[in-house]
There are 2 protein chains.
Amino acid sequence: MSEHDQDQPATEEPDAASGDAASGEDCLFCRIVSGELSADLVHQDDDVVAFRDIQPKAPTHVLVVPRRHVRDWSDTARHAPELGPALLRGVADVADALGLEHYRVVANTGEKAGQSVFHLHLHVLGGRPMLWPPG
Amino acid sequence: MSEHDQDQPATEEPDAASGDAASGEDCLFCRIVSGELSADLVHQDDDVVAFRDIQPKAPTHVLVVPRRHVRDWSDTARHAPELGPALLRGVADVADALGLEHYRVVANTGEKAGQSVFHLHLHVLGGRPMLWPPG
């Protein structure tokens, strides 16, 4: 597996993780948000959807994604900073729902950081001690 | 190094990383925010301060902390969600200032996740390919 594929999509969808997907039908996570693709949902509200990663790296490994399509952390900061509170709460709601007191949040921006789906997603990992360095 | 010490404080301050520090003089990062302790600052604005980790795990390894004392991700989500936009922007500003196009953001909640300073801080790592799993 190349470094570009470290951060696996949540469902098997070879074409959707090919890089610079726009919103809508070309974006894997937009299709999960819309319900077109199924996923193992653990939480949703007006702003975010959370579902289990299909290649979990911890006993609990969930992705929290905004319903609105934003590419990555910097894109969100520049064009949709108002999503910040909902992202904070979405992760905390997942932790509460799954009984996680100790958890790591990871967000990859760019291929060299491990991003493969270009719709912002926050990894929430827990259920085991997390190691350092973080990848 | 025990798992509790994975996430090192930004300066040598043995008493400040002992767990459940409140805000103010007992909190290492509050003391950096106030200027009482020095750090290698790379960015600051009205809401956040960013400085280099003293035990970097990548060529670039910066901590972004809110000036306001909040314990961790869940505490922020519950009691200060309005910090969300500033945290998004603070990280993006650091990435811009340091020329990082590819970077990983990591936030540890709780000792078993690697948190050792109980003032929310977002690790920003870049300058090398990041591996998977993230710790």
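The values are calculated or read from the model by the stated rules, or taken from the named source; none is laboratory data. Values in this document were obtained by computation on a predicted structure and should not be read as measured data. With ideal geometry, Cβ positions are generated from the backbone for all residues, glycine too; neighbour counts draw on all protein chains shown. Ligands, DNA and RNA are stripped out before the accessible areas are found, and what is left, the full protein with its side chains, is counted by its heavy atoms. Shrake-Rupley method; radii C 1.70, N 1.55, O 1.52, S 1.80 Å.
Taken over region A:103-131, the residue count meeting the criterion of being under 18 Å from A:Arg78 (Cα atoms) and at the interface with chain B (Cβ under 7 Å from one of its Cβ atoms) is 4. The set of residues in region A:75-88 that are of a type outside the set (A, V, I, L, M, F, W, C) and surrounded by 22 or more Cβ atoms within 10 Å (Cβ to Cβ) contains only A:Thr76. Evaluating B:Asp72 against the criteria (1) out of contact with any Lys or Arg (no Cβ under 7 Å at 6 or more places or on another chain); (2) over 26 Å from B:Pro129 (Cα atoms); (3) open to solvent by 60 Å² or more (accessible area, probe 1.4 Å) leaves one unmet condition, (3).
Of all the criteria given as (1) at the interface with chain A (Cβ under 9 Å from one of its Cβ atoms); (2) surrounded by fewer than 20 Cβ atoms within 10 Å (Cβ to Cβ), the one not satisfied by B:Ala97 is (1).
Here is a yes/no grid of residues against (1) closer than 25 Å to A:Leu87 by Cα; (2) touching a strand residue (DSSP E or B) at 6+ places or on another chain (Cβ under 6 Å):
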{"residue": "B:Ser34", "(1), (2)": "no, no"}
{"residue": "B:Pro66", "(1), (2)": "yes, yes"}
{"residue": "B:His69", "(1), (2)": "yes, no"}
{"residue": "B:Trp73", "(1), (2)": "yes, yes"}
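The set of residues in region A:58-69 that are buried (at least 21 other Cβ atoms within 10 Å of the Cβ) and out of contact with any Lys or Arg (no Cβ under 7 Å at 6 or more places or on another chain) comprises A:Leu63, A:Val64, A:Val65, A:Pro66. Being over 12 Å from the mean Cα position of the chain (by Cα) and at the interface with chain B (Cβ under 9 Å from one of its Cβ atoms) is not true of A:Gly90. Being surrounded by fewer than 22 Cβ atoms within 10 Å (Cβ to Cβ) and within 12 Å of another protein chain (Cβ to nearest Cβ) is a condition met by at least one residue of region A:30-51.
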